[in-house]
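**Q** Supplied in structure tokens, the structure appears directly below.
The values are calculated or read from the model by the stated rules, or taken from the named source; none is laboratory data. All figures in this text were calculated on a predicted structure; none of them were measured in a lab. Note that each Cβ is placed from the backbone with ideal geometry, even for glycine, and that neighbours are counted across all protein chains shown. For accessibility, only protein heavy atoms count, side chains too; no ligands or nucleic acids. Shrake-Rupley method; radii C 1.70, N 1.55, O 1.52, S 1.80 Å.
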Amino acid sequence: MMRTFTIFCMGFMLVLNHIPAQAAGKYNLEPGDTVLTNCHDIYTKGIVKAKVDDGYTVHFPKGSGPIQCPPFRWHAEFVIPFQSVPEYRLQFLGGLKRDLLFKVGESVSLRFDPDKRVVNSKAPVDIEAAITDISSNGAIAVKLLSKNSEASATFWQWVGGNYVDLRHKSLDAERAKRSQ
């Protein structure tokens with residue numbers, strides 16, 4: 001029994017050593033490359049302007065944002081290459097749970113906690129949106145469908161022209177709905 005456990009632990013450690021970390025050397029991005037910058041699993045699309053010691057200087061075109069993190073220098077671990085895809089298959093538990101498929105054009109529901117500076121409510125704000133683009137890392141760009149003023153204000157405060165990771169907590173209800 002102890003020998004089996006030891007072999008299992010050694011095998012597990014070997015597997016962990018081979019999982020690539022998102023580190024500074026993972027992507028060799030050059031000026032002009034289109035990238036996504038990660039700020040709390042909400043991504044902003046931009047273009048690399050220059051390499052710096054530990055990352056990149058990224059330019060964000062008009063209409064990007066809102067950017068919740070300081071947009072000056074981005075550590076390499078928060079910058080990933082951008083590639084658009086027509087659909088994304090979100091996998092769970094290595095295939096033990098049914099995959100969730102997201103396609104451009106589908107509608108999704110986002111749920112954010114209200115910000116008292118923007119919305120006079122204590123209940124979560126539900127936002128209906130349509131997927132306009134999907135990145136190869138599983139982040140979606142959406143356009144607002146909700147007509148409610150609270151939903152609209154919350155959308156423009158948090159999402160706007162950004163990409164939201166499909167694993168983000170704002171999409172918990174959407175993932176639960178699709179997994180049934």
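**Q** Filter the cross-link list 26/177; 45/97; 26/143; 143/177; 116/169 down to pairs whose alpha-carbon distance in this structure exceeds 23 Å.
**A** Working: 26/177 35 Å; 45/97 31 Å; 26/143 31 Å; 143/177 20 Å; 116/169 19 Å.
Listed pairs above 23 Å: 26/177; 45/97; 26/143.
**Q** Something else now. Evaluate the distance, in nm, between pseudo-label points positioned 7 Å from the Cα of residue 41 and of residue 92 along their respective Cα→Cβ axes.
**A** So the two model labels end up 1.3 nm from each other.
**Q** Kirkwood Rh over Cα pairs of region 68-180 into Stokes-Einstein at 25 °C, 0.890 mPa s: D in µm²/s? Write down the numbers at each step before the final one.
**A** Numbers: Rh = 15.2 Å.
In µm²/s, the coefficient is 161.
**Q** Taking R0 as 30 Å, what's the FRET efficiency between residue 107 and residue 53 from their Cβ-Cβ distance, rounded to 0.05? Each step should come with its number before you reach the end.
**A** Details: r = 43 Å, r/R0 = 1.43.
The computed FRET efficiency comes out at 0.10.
**Q** For region 25-106, which whole percent of the accessible surface, found with a 1.4 angstrom probe, sits on carbon and sulfur atoms? Display every interim value, and only then the final one.
**A** Details: 2600 of 4990 Å².
Using a 1.4 Å probe with all protein chains present, region 25-106 comes out at 52 percent carbon and sulfur.
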